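The structure appears below as structure tokens.
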Amino acid sequence: MTTQRPPDDLSDWPFFPVRDRTFYVLPPLSTRIVTPRLVMRAPRTGDVGEIRRMLRHNHAHLKPWNPAPPAGEDPSSITEITKSVLRQRREWKTGRSFVFMPALREAPACFVGKVALNGIMRGAMYGAYLGYWMDVDHQGKGLVTEAIAAVLDFAFGPAGLHRIQAAIMPRNEKSLRVIEKLGFRREGYAERYLQIAGRWEDHLLFARTREEHLGESISSARESTQP
């Protein structure tokens, strides 16, 4: 990767600092992540039809966990999806978010969910909020855990982030199992934290830092090499 010395004010600088004062350019929009069962990349305008199919197929599945759209707005319309994709691509280029669309490796044109690093903060924090969901027909197979684990490697590696946070409603048992399996620490309980499906909902707050993630990765690698 090319490197460049950043200015003193990093507020609008699309570079992320990592250890030893090295600064890496943002990962390109062409980034692909490949896992044993999945391939993931940023959405493109050519994906609008597939994203629309996926959103409509999962409407009932996602409705209890998503913010209610503004009156008269259909998030699964061609217009709104196109706007979202263009916004997500702009935000990737400026380092404000990274959105990945997972697909099975044998069917890379058919998405099975979404994993996003949103609200990226720089300055003293270098963190992001994790958001994710998996297609209703692909639940219970460990795919969302596999996808998030790979995105965390990206977050703490090429993206140079230091802290990833997640907020989950207490009754969302499936998401709680996923986030705990991935080694996130529970940090608190926020009352009436987000407005979901028209109601202010309490959320459990979780986080994971680069030191924790890399420490576990190193430990796992050592264990795998033991005779």
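The values are calculated or read from the model by the stated rules, or taken from the named source; none is laboratory data. Keep in mind that what you see is a predicted model, and the values were worked out from it rather than measured. Cβ coordinates were reconstructed from backbone atoms using ideal geometry, including for glycine residues, and neighbour counts include every protein chain displayed.
Assorted remarks:
- Residue list for segment 157-178, filter: in contact with a Leu (Cβ under 8 Å, 6 or more places away or on another chain) and either of a type in the set (A, V, I, L, M, F, W, C) or within 27 Å of residue 122 (Cβ to Cβ) (or both): 159, 161, 164, 165, 166, 167, 168, 169, 176
- Screening residue 80 with (1) in contact (Cβ under 8 Å) with a residue 12 or more places away in the chain; (2) out of contact with any strand residue (DSSP E or B) (no Cβ under 8 Å at 6 or more places or on another chain); (3) of a type outside the set (Val, Ile, Thr); (4) surrounded by 15 or more Cβ atoms within 10 Å (Cβ to Cβ) gives one miss only, at (1).
- Spans of strands (runs of 3 or more DSSP E) in segment 147-212 with at least 1 residues over 18 Å from the mean Cα position of the chain (by Cα), at pLDDT 95 or above and within 19 Å of residue 67 (Cβ to Cβ): 185-196, 199-209
- Members of segment 182-196 found to be of a type outside the set (Val, Ile, Thr), surrounded by 13 or more Cβ atoms within 10 Å (Cβ to Cβ) and more than 24 Å from residue 124 (Cα to Cα), listed by number: 182, 194
- Residue in segment 90-101 that is in contact (Cβ under 8 Å) with a residue 40 or more places away in the chain, out of contact with any strand residue (DSSP E or B) (no Cβ under 7 Å at 6 or more places or on another chain) and exposed (fewer than 15 other Cβ atoms within 10 Å of the Cβ) present: yes
- Per-region count, segment 163-177, residues within 15 Å of residue 209 (Cα to Cα) and not hydrophobic (A, V, I, L, M, F, W, C): 2
- Among the residues listed as 70, 27, 75, the single one being exposed (fewer than 12 other Cβ atoms within 10 Å of the Cβ) and either among the β-branched types (Val, Ile, Thr) or more than 24 Å from residue 106 (Cβ to Cβ) (or both): 70
- Test for residue 96: is it of a type outside the set (Val, Ile, Thr), closer than 19 Å to residue 111 by Cα and either at pLDDT 95 or above or touching a Phe, Trp or Tyr at 6+ places or on another chain (Cβ under 9 Å) (or both): no
- Tallying residues that are part of a strand (DSSP E or B), touching a Gly at 6+ places or on another chain (Cβ under 8 Å) and not hydroxyl-bearing (Ser, Thr, Tyr) within segment 126-146 yields 3.
- Extreme residue, nearest to residue 104 (Cα to Cα), among residues of segment 30-46 that are surrounded by 14 or more Cβ atoms within 10 Å (Cβ to Cβ) and among the polar types (S, T, N, Q): 35
- Residue in segment 107-115 that is over 26 Å from residue 162 (Cα atoms), assigned to a helix (DSSP H, G or I) and touching a helix residue (DSSP H, G or I) at 6+ places or on another chain (Cβ under 6 Å) present: no
- Scanning segment 8-59 for residues that are modelled with pLDDT of 95 or more and among the acidic types (Asp, Glu) returns 47, 50.
Each row is one residue, and each column tells you yes or no for (1) more than 17 Å from the chain's Cα centre (by Cα); (2) among the small types (Gly, Ala, Ser).
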residue	(1), (2)
44	no, no
52	yes, no
58	yes, no
73	yes, no
78	yes, no
85	no, no
95	no, yes
98	no, no
115	no, no
